[in-house]
Amino acid sequence: MRRTRRLLLAAVAVVALVVLAGTAAGYQLLSSGRDARAELEAAQAQLTTARTAALSGDAATAAAALSAASGHAARARDLTGGPVWAVGSRVPVAGGPLRTVRALTAAADDLSREVLPPLLPVAAALRPEQLRTGSAAFRLPPLVAAEAPLGDAVAAARRVRERVARSPEVSRPAQVGTARSTLLGTLDDLVCTLGAAHTAARVLPAALGAQSPRRWLVALQTPAEARGTGGLLGGVGVARADRGKVTVTEVETNRIFRNERAVKVPLPPGYAAQWGTWSPTTLAINGGVSPDLPVAAGIWAAKWEASRGERVDGVATMDPLVLGYLLAATGPVRLSDGTQLDAGTAARFVLQDQYARYPDELERDERVRELLDRTLTAVMSPRTDARALVLALVRGAREGRISVAMPGDERVQAILAGQRIGGSLSGPPSPLIAVVVNDAGGSKLGPYITREITYTSAACAKGRQEATLDVRIGNSAPRSGLPAYVTTRADLGGRPGSPTGQRRDYVSVYLPPGSTLGAATLDGTATGMEVRTESGFTVLSLYTTVDPGSQRELTLHANLPAMTAAPTVRTQPLVQPPTVNVHHASCQR
């Protein structure tokens, strides 16, 4: 009995010691956690100061703020790096949030020590006002010098992002889960921004004629009538770049291409079968039916050479919304008939107002040409604020409204192919799904196209994966108040009884190579699909009509190759941005 009592007393003492130790450890975790949070908040404030100072050219303040941020981040890492945190992070279930917090503090420390400091001199050298030397002239050596440090920064930022992504995804405490999601989003933005800067440093010297003069075709695509790369050609310009100096040599209407003679260009496997009925190599307005920009660029470049007898090395595209962004930097422009257009009116003029204001098609084309011409002239003016101009171009590129291909330079084209701005089907490293709408009716209702796309995948089995893609295509056009030219289906010839405001769309869905279609429904009813391939992708297409104020729902059930990473769902740049939802069940190898 006494022995039993002694054992019980000993057990109670041990439990008491464990409880006391746990309480002390818990207090230390709470205390150090609070202190680490305060240090991270201080680091964030200093990083904001550093960013503002770097953008304004105040290198000394930026360096001091970054040094202070690094000190705060290092202390946060130390506070969560002791033995108590190490032991606590190994506790089943409860250790998950601790591991996540340690990953967050380590990421903040790595960013402030390894990723950001080497970028300060680069940021100073690449300030737009430092790069621009005069009227449409740019200093190229700083871009060349920035390529290596930017590449290192991209790689380092990706490593930090991967380490945070490997930390436990926790819902409690909510603050930890929110902090993890926020940091991942910030790191995604950072990788994207640094990646774009790195691409610019690799591409721009060659594009601006560092070694030899380059000739560029600048194409205005108007999504009044949707095409796979954006819209119809509304006008084209040609610019010559030589050792950083850019000169716009001419600007033409889209009629420059209306010779209706086919050009011979390399086409990817399956392209002719998929798009042959649209005659893309004959009709320049249909050169962009496929979402593969390099193919469209090759067609337009060949068309220009056939029309003008001069070769172009690259093609840059933009849409009317980008004209508005550029005019926000340059100020308004005035057309020859006295019409003044600015940041708030340029896009609407191209997409809608021109059809009501000018009954004559030739006059409409000329006014759009003038707008493009005057905008490019204003962009090249030394009076235009360089920083505002860069921000306008960055916005257009981020929204997918600016695309660039350089079929005349294999090295540069290979770089562009892996970037969103390159618009290539073959380049993206992650699995790609594309949803494309081409206007097959000839109306000008593209600004009223709405898109909602939801991708959902199931578990993997034997290297395959079932997936459902729900595509909702809507028509938000008003039932009255638009010009007849806009609302009339040209394919019906305006015959009596033709539906007003109705679109006829050719919807194409690109699935990863090796995908197969199981079943398809349109508004809940089984439907057939055209099944072809292009550049290895499985392409599923159908024609459908969409009345004003209505929506069509296409649902595809497909069998795809197993994917570890979630696919990128790409759409062409139209006026109304799409809603895209991706719910992916990863197939871990």
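The values are calculated or read from the model by the stated rules, or taken from the named source; none is laboratory data. Being a predicted model, the structure only gives us computed values, none of them experimental. Because the Cβ atoms are built from the backbone with ideal geometry, glycine has one as well, and the counts that use them run over all protein chains shown. In case anyone asks, the SASA skips ligands and DNA or RNA and just uses the protein heavy atoms, side chains included. Shrake-Rupley method; radii C 1.70, N 1.55, O 1.52, S 1.80 Å.
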Which cysteines in the chain lack any other cysteine whose Cβ sits under 4.7 Å from their own Cβ?
CYS192
Which residue, MET406, GLN354, ALA386, has the largest displacement toward the positive end of the dipole of segment 311-410 when charges sit on each Cβ (Lys, Arg +1; Asp, Glu -1)?
ALA386
Assign unit charges at the C-beta atoms only (+1 for Lys and Arg, -1 for Asp and Glu), then state the dipole size of the chain relative to its Cα centre in Debye, rounded to the nearest 20.
2000
Helix 2-56 axis, angle to the chain major axis (alpha carbon atoms, nearest 10°)
30
Which one, GLY231, ALA210, VAL248, is farthest towards the positive end of the dipole of segment 209-256 when Lys and Arg carry +1 and Asp and Glu -1 on their Cβ?
ALA210
Can you give the accessible area of SER307, probe radius 1.4 Å, in Å² rounded to 10?
40
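Just in segment 268-344: which trypsin sites (Lys or Arg not before Pro) are loop by DSSP and have at most 12 other Cβ atoms within 10 Å? Walk me through the intermediate numbers first.
Values: sites: LYS303, ARG308, ARG311, ARG334; in loops: ARG311.
Sparse-neighbourhood loop trypsin sites (Lys or Arg not before Pro): ARG311.
Probe of 1.4 angstrom, ligands and nucleic acids ignored: what's the accessible area per residue over the chain, in square angstrom? Could you put the intermediate results ahead of the total?
Values: 27000 Å² over 589 residues.
Ligands and nucleic acids excluded, the figure is 46 Å² per residue.
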Can you work out the PRE-style zone for THR454? Point 7 Å along Cα to Cβ, and I want the residues of segment 545-563 with backbone N under 20 Å.
550-560
Compute the acute angle (0 to 90°) between the alpha-carbon long axis of helix 59-79 and the principal axis of greatest extent of the alpha-carbon atoms of the chain; round to the nearest 10°.
40
For segment 256-301, which whole-number percentage of the solvent-accessible area (1.4 Å probe, protein heavy atoms only) is attributable to carbon and sulfur atoms?
59
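Determine the calculated [θ] at 222 nm for the chain from helices alone, applying -39500 (n - 2.57) to every DSSP H run no shorter than 4 residues and normalising by the residue count; nearest 500 deg cm²/dmol.
-14000 deg cm²/dmol
Which order do the peptides 44-53, 575-584 take when ranked by the mean count of other beta-carbon atoms within 10 Å per residue, highest first?
On the way: 44-53: 17.5, 575-584: 14.9.
Final packing ranking: 44-53, 575-584.
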Which of the peptides 317-329, 201-213 is most tightly packed, and how do the rest follow, judged by the mean count of other Cβ atoms within 10 Å per residue?
317-329, 201-213
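Would you work out what percent of the accessible area of segment 62-219, with all protein chains in place, is carbon or sulfur (probe 1.4 Å)?
59
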